[in-house]
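Accompanying notes for the structure given below.
The values are calculated or read from the model by the stated rules, or taken from the named source; none is laboratory data. It should be emphasised that the depicted structure is a prediction, and the values quoted were computed from it without experimental measurement. For neighbour counting, all protein chains shown are included, and Cβ atoms are generated from backbone atoms with ideal geometry for every residue, glycine included. Just so you know, the surface numbers come from the protein's heavy atoms only, side chains and all, with ligands and any DNA or RNA stripped out. Shrake-Rupley method; radii C 1.70, N 1.55, O 1.52, S 1.80 Å.
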Amino acid sequence: MKILVTGGAGFIGSNFIKYWLKTHPEDQIVNLDKLTYAGNLENLKDIESNPNYKFIKGDICDRELVNEIVKDVDQIIHFAAESHVDRSILDSTPFIMTNVVGTQVLLDAAVKCGNKRFHHVSTDEVFGALDLEGTDKFTEDTPYNPHSPYSAAKAGSDHLVRAFGDTFGLPFTISNCSNNFGPYQFPEKFLPLMISNLVEGKKIPIYGDGKYVRDWLYVDDHCRAIDLILSKGKIGETYCIGGMTENVNNLELVKKVMAIMGKGEDMIEFVKDRAAHDRRYAVDWSKAQRELGYQPQASFDEYLAMTVKWYLDNNDWIKNVKSGEYEKYYQKQYAQ
Ligand code: NAD
Ligand code: DAU
């Protein structure tokens, strides 16, 4: 089978390509990635010479290029996106272009080339925010209520995928997952940011009161969940994917990482809150467990220790991605 992976040089996409080539060595992967600031071919160094892997530098909004690639593949797994909420607050234009228009270009190509099997990777952020005091979770039936330009653009892409299924019979599935963590995550996201700041002796910026809750999902579990959806999922269905945390807030998360790294609480700095900051995310993944056999493979604390170790062992990777554009972004984002 030949699979088009979009955004395969990013965090989840690169982990997914390596996972797939290991577990399905007979398949071929074409990775289409624009190499924005978040795309990094270093993430794929160990498989770049695999004969079943091909990289194409390009934009998913480039209709001609996308049509050319799509006609030659069996399946599309769509990761490419602008993915960082804070950047969508600074400038939402690239989010609309890539997440909405880019998805539409891919969907058009999938239909035009004979209704190719399409898996769309989306987020729990499309559902909005849960109350901090509540115990409820997002399910596949939760109404959409996005609050950031990022999540609104992802919501738009989800609606387009379903509309192409209804209108043109496109065989699709969608996964809405929670916050991923693990190796090769760009250090604008909270976990790699806090680890790399601590390594450099810099404080950890905590937005607002720090009592914001996320549902942390190890990236390998996410990759396995997508594999299960492709092999056992029902066409036209959505699957919510989450991890093993229960109400760990940002402050508690920072303290866990500081304990692993032997750092004290003087490294915490409370900073201005994010606009429209969603209080709590929690994902009910019982449908994926029941229908696909999805189950995270280790505890949150085990995965967290593995993740901290990976960043400590791969300091050069962090140094490389933090050079250039990152420093300018950091100054702008964290200027008080
Ligand atoms: P990322 O920002 O690390 O990577 C995005 C990749 O897409 C980069 O390699 C970038 O170069 C590429 N890209 C961006 N615009 C492109 C374009 N126009 N054409 C081609 N390539 C383009 O993102 P990630 O964290 O790996 O997220 C992957 C997907 O998973 C996204 O769709 C995101 O919305 C979704 N998601 C992420 C998380 C998370 O916690 N990281 C959680 C839920 C859902
Ligand atoms: O829920 C899934 C989403 O998770 C994905 O759709 C997004 O692509 C991904 O970026 C992530 O969004 P979040 O906004 O939840 O992740 P982020 O790492 O930016 O922030 C996690 C939490 O930490 C959030 O409550 C904001 C807070 N935070 C973040 C940063 C960068 C801080 O307190 N300080 C920071 O410096």
Of Glu237, Glu325, Glu48, the one that fluctuates the most in a GNM where the chain has Cα springs shorter than 10 Å: Glu325
Segment 72-139: GluC sites (Glu not before Pro) in DSSP coil with no more than 12 other Cβ atoms inside 10 Å: Glu133
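Over all alpha-carbon pairs in segment 211-276, figure out the percentage whose distance exceeds 13 Å. Mind dumping the intermediate values first?
Numbers: 1589 of 2145 pairs.
Result for the distance tail: 74 percent.
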Residue pairs, from the table Lys232/Lys256; Lys2/Lys189; Lys57/Lys272; Lys57/Lys203; Lys34/Lys71; Lys2/Lys57, whose Cα atoms sit over 27 Å apart: Lys232/Lys256; Lys2/Lys189; Lys57/Lys272; Lys57/Lys203
For segment 96-104, 3J(HN,Hα) per residue [Karplus equation, 6.51 cos²θ - 1.76 cosθ + 1.60, θ = phi - 60°, Hz, x = Gly/Pro]: 5, 4, 6, 6, 9, 5, x, 5, 5
Cα centroid separation, segment 199-216 to segment 109-153 (Å): 24 Å
Pairwise Cα inverse-distance average, inverted: Kirkwood Rh of segment 61-213 (Å): 17.2 Å
Long-range amide H partners of Ile241 with built H, under 5 Å: Asn176, Cys177, Ser178
Sequence-separation-based contact order of the chain, relative, with Cα cut under 8 Å and 6+ spacing, percent: 17 percent
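Accessible area per residue of the chain at 1.4 Å probe, in Å²? Spell out each step's value before the answer.
Working: 13890 Å² over 336 residues.
Using a 1.4 Å probe on heavy atoms only, each residue of the chain averages 41 Å².
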Amide hydrogen neighbours beyond the local backbone of Ile204, cut-off 5 Å, H modeled: Ile268, Glu269
Whole-number Å³ per residue for the convex hull built on Cα positions in segment 213-336: 163 Å³
Carbon plus sulfur fraction of accessible area for the chain, probe 1.4 Å, in percent: 50 percent
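Hey, how much of the P(r) for segment 83-130 falls beyond 19 Å, as a percent of Cα pairs?
40 percent
Report the local net charge at Glu68: Lys and Arg +1, Asp and Glu -1, summed over other residues whose C-beta lies under 15 Å from its C-beta.
+2
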For segment 135-143, Karplus couplings with θ = phi - 60° (6.51, -1.76, 1.60), whole Hz, Gly/Pro x: 10, 6, 9, 6, 10, 4, 9, 5, x
Residue-wise HN-Hα coupling along segment 239-252, computed from phi with Karplus coefficients 6.51, -1.76, 1.60 (Hz; x: Gly, Pro): 10, 8, 10, x, x, 10, 7, 10, 6, 8, 8, 4, 5, 5
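Take the Cα gyration tensor of segment 55-95, multiply each eigenvalue by 5, square-root it, and list the three semi-axes largest first, rounded to whole angstrom.
Values: eigenvalues 136, 26, 11 Å².
With the √(5λ) rule applied to segment 55-95, the semi-axes are 26, 11, 8 Å.
What number, in percent, do you get for the relative contact order of segment 209-257 if the mean sequence gap of Cα pairs under 8 Å and at least 6 apart is divided by its residue count? Before the final figure, lay out each step's value.
Values: 34 pairs, mean separation 31.2, N = 49.
It comes to 64 percent, rounded to a whole number.
Rounded, prolate or oblate, given the Cα gyration tensor of the chain, with a/c below 1.5 counting as rounded?
Values: a/c = 1.56, a/b = 1.38, b/c = 1.13.
Note, shape of the chain comes out prolate.
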Residues whose placed amide H lies under 5 Å from that of Phe55, excluding near-sequence neighbours: Asn31
